[in-house]
1. Say we look at the range 110-124 and pick out the residues that are more than 31 Å from the chain's Cα centre (by Cα) and more than 11 Å from Lys158 (Cβ to Cβ); which of these is surrounded by the most Cβ atoms within 10 Å (Cβ to Cβ)?
2. Inspect all residues belonging to the range 234-241 and state whether any of them is under 30 Å from the mean Cα position of the chain (by Cα), under 23 Å from Pro141 (Cα atoms) and without any contact (Cβ under 8 Å) to a residue 24 or more places away in the chain.
3. What number of residues within the range 121-162 satisfy the criterion of being more than 22 Å from Ala225 (Cβ to Cβ) and of a type outside the set (A, V, I, L, M)?
4. Looking at Gly224, Gly218, Gly181, Gly189 in this structure, which one is surrounded by 16 or more Cβ atoms within 10 Å (Cβ to Cβ), within 19 Å of Tyr140 (Cα to Cα), within 29 Å of the chain's Cα centre (by Cα) and not hydrophobic (A, V, I, L, M, F, W, C)?
5. If I go through the range 130-174 residue by residue, how many of them are aromatic (Phe, Trp, Tyr), farther than 18 Å from Gly218 by Cβ and surrounded by 21 or more Cβ atoms within 10 Å (Cβ to Cβ)?
6. Looking at (1) surrounded by fewer than 17 Cβ atoms within 10 Å (Cβ to Cβ); (2) more than 18 Å from Thr219 (Cα to Cα); (3) not acidic (Asp, Glu), which is the only condition Arg254 fails?
7. If you scan the range 105-124, which residues turn out to be out of contact with any helix residue (DSSP H, G or I) (no Cβ under 6 Å at 6 or more places or on another chain) and either among the basic types (Lys, Arg) or free of Cβ contacts under 8 Å to residues at least 24 places away in the same chain (or both)?
8. Please work out if Asn230 is over 26 Å from Ser247 (Cβ atoms), in the same structural domain as Pro162 (by TED's automatic domain parsing), at pLDDT 95 or above and crowded, with 17+ Cβ neighbours inside 10 Å.
Amino acid sequence: MKEPLKKIVSKETEHLKQKVAKLNETVKASKDRNQRLLEGKMHLGKKELKTIAGLVFLTSFIFIEGISLLSSDFLSSAPTSKGDSISSLLQEQQTMTAIDMQRRSSVHKITGIISRYNRTMPDTDKMRIANEIYEMTKKYPNLNEDFICATITHETGKTWNPQIKSPMGAMGLMQIMPATGAFLAAQEGIDWISADQVLYDPVSNIRLGCRYMSELVGTYQHDGALAAYNGGPKRAALWLASNRNDSTLFKETRTYVPAVNKLYDQFRGEGVM
């Protein structure tokens, strides 16, 4: 914080020096002019000599007043500039501190949830997953850590196993089908080398799953998004249009939506861990 203040003072001082230098040049030119006139005073009358003396006095007065005004201008403006800079730096530091505290709290809570369901997962993997979930909440404001964690917890059968695969072929933490994954990977800019390599990587899986879930939430809200995530967008649209008549949903989806919402409420109720 000291270094920016030094730069401010140095800049103001340099500005003052430039103004003084200009005044010095003006005064010097005036003195030279007056000196040439004084050297020829033998040819001047008393009236002319009085005029020259007055000019010398006036020049000196202007020089002194100029220095005084410049000094007062520097003294009055520098504190304001320094005060504004200090305030700006403090505000920036406070914002960065708040963001860091939020990240730490979020990551701590997510790793706690993972540990609850998967005690054997290495801490490094937990941190990678937790950090990615946190990043997704910043990238997609309509998602939060509790909703994402609730979805993963239910999708993996409460195992948080990155290598899990369903009988239907859905893969990874957010249970993404290969065809859907390939489409989302193209949108996300992830190289689709193979389904195994992309969807079994927890970070890539979360990035793709959250992108898809965010789009669904934006269209159908949270309940409708869960119905669409499990049973498809068309079924979710019919469900919402029928005033949430469960007969429009697949049997699995009827239990899926309330099950994820129950976990969501549980995680939200736990607050920051």
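1. That would be Arg119.
2. Initially, the range 234-241 is screened for residues under 30 Å from the mean Cα position of the chain (by Cα), giving none.
The answer is no, given that none of the residues of the range 234-241 is under 30 Å from the mean Cα position of the chain (by Cα), under 23 Å from Pro141 (Cα atoms) and without any contact (Cβ under 8 Å) to a residue 24 or more places away in the chain.
3. In the first step, residues of the range 121-162 are kept if they are more than 22 Å from Ala225 (Cβ to Cβ); the result is 121-128, 130-131, 159, 161-162.
Next, only the ones that are of a type outside the set (A, V, I, L, M) stay: 122-126, 128, 131, 159, 161-162.
Count: 10.
4. Details: Gly224 fails: within 29 Å of the chain's Cα centre (by Cα); Gly218 fails: surrounded by 16 or more Cβ atoms within 10 Å (Cβ to Cβ); Gly189 fails: surrounded by 16 or more Cβ atoms within 10 Å (Cβ to Cβ).
Sole residue among the options that is surrounded by 16 or more Cβ atoms within 10 Å (Cβ to Cβ), within 19 Å of Tyr140 (Cα to Cα), within 29 Å of the chain's Cα centre (by Cα) and not hydrophobic (A, V, I, L, M, F, W, C): Gly181.
5. Taking the range 130-174 first, the residues aromatic (Phe, Trp, Tyr) are 134, 140, 147, 160.
Among the residues that remain, those that are also farther than 18 Å from Gly218 by Cβ are: 134, 160.
Imposing the further condition that a residue be surrounded by 21 or more Cβ atoms within 10 Å (Cβ to Cβ) reduces the set to 160.
Selection size over the range 130-174: 1.
6. It is condition (1) that Arg254 fails.
7. Lys109, Ser115, Arg116, Arg119, Thr120, Pro122, Asp123, Thr124
8. Details: over 26 Å from Ser247 (Cβ atoms): no; in the same structural domain as Pro162 (by TED's automatic domain parsing): yes; at pLDDT 95 or above: yes; crowded, with 17+ Cβ neighbours inside 10 Å: yes.
Considered against the rule, which asks whether it is over 26 Å from Ser247 (Cβ atoms), in the same structural domain as Pro162 (by TED's automatic domain parsing), at pLDDT 95 or above and crowded, with 17+ Cβ neighbours inside 10 Å, Asn230 comes out as no.
The values are calculated or read from the model by the stated rules, or taken from the named source; none is laboratory data. Quick caveat, the model's predicted, so the values are computed rather than measured. Note that we place each Cβ from the backbone using ideal geometry, even for glycine, and neighbour counts take in every protein chain shown.
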